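*Asks:* Would you mind keeping the following structure in view while I ask a few things?
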Amino acid sequence: MALKLKRHLAERWIVYILQCADGSLYTGITNDLNRRLEQHNAGTASRYTRSRLPVTLVYHEEPTTKGGALKRELSIKSLSRKAKEALIQSVKPSTINQR
């Protein structure tokens, strides 16, 4: 029981947004982002993205718990397209560093 709780607390959950080849946005959660992106691009992760390949990761964040990730996923899914685009732009650098 204690080991299961320890493992549960150690898991890292990620909320992500993908941009599909047709320009649509897909929101999901995972505890292994690289594996999940590979699954999406292999066409084995979701029906929605399977017909809209390839997909590109455009946003991600790490809530503190799986429950927090699920709640955040729902809140992102309820946003308008314009609000999702603003969220995505909020984490992209507005200027490019030139060296």
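Bear in mind that the values in this text are calculations on the coordinates, not laboratory data. Being a predicted model, the structure only gives us computed values, none of them experimental. Here Cβ is always computed from backbone atoms with ideal geometry, including for glycine, and neighbour counts include all displayed protein chains.
*Asks:* What list of ³J(HN,Hα) couplings, whole Hz, do you get for the range 37-51 from phi and the Karplus terms 6.51, -1.76, 1.60, once you set θ to phi - 60° and write x for glycine and proline?
*Replies:* Those phi angles translate into 4, 4, 5, 4, 6, 8, x, 10, 9, 8, 4, 4, 7, 3, 9 Hz.
*Asks:* Going by average Cβ neighbours within 10 Å, how do the peptides 71-84, 29-42 rank, with the highest at the top? Walk me through the numbers before you get to the answer.
*Replies:* Values: 71-84: 13.1, 29-42: 15.5.
The peptides rank, most packed first, as 29-42, 71-84.
*Asks:* Given the Cα-Cα distance of residue 39 and residue 64 and 0.36 nm per residue of separation, how much length would full extension add, in nm? Please report the intermediate quantities before stating the final value.
*Replies:* Details: separation 25, 0.36 × 25 = 9.00 nm, distance 2.38 nm.
Using 0.36 nm per residue and subtracting the Cα-Cα distance, I get 6.6 nm.
*Asks:* Arranged by the count of other C-beta atoms within 10 angstrom, fewest first, what order do 15, 58, 91 take?
*Replies:* On the way: 15 23, 58 18, 91 10.
Fewest-to-most ranking of 15, 58, 91: 91, 58, 15.
*Asks:* Let me ask something else about it. Put a dot 7 Å past each Cα toward the Cβ at residue 12 and residue 74; how far apart are the dots in nm?
*Replies:* The answer from the label model is 2.6 nm.
*Asks:* Here is a further query. What would the Debye equation give as log₁₀ I(q)/I(0) for the range 2-89 at q = 0.20, 0.24 Å⁻¹, counting only Cα atoms as equal point scatterers?
*Replies:* Summing over Cα pairs of the range 2-89 leads to -0.93, -1.21.
*Asks:* I'd like the Karplus ³J(HN,Hα) series for the range 55-61: coefficients 6.51, -1.76, 1.60, θ = phi - 60°, whole numbers in Hz, and an x wherever there's a Gly or Pro.
*Replies:* Going residue by residue, I get 10, 10, 6, 10, 6, 7, 8 Hz, with x marking Gly and Pro.
*Asks:* Could I have the simple spin-label model distance between residue 46 and residue 21, label points 7 Å from Cα toward Cβ, reported in nm to one decimal?
*Replies:* 1.8 nm
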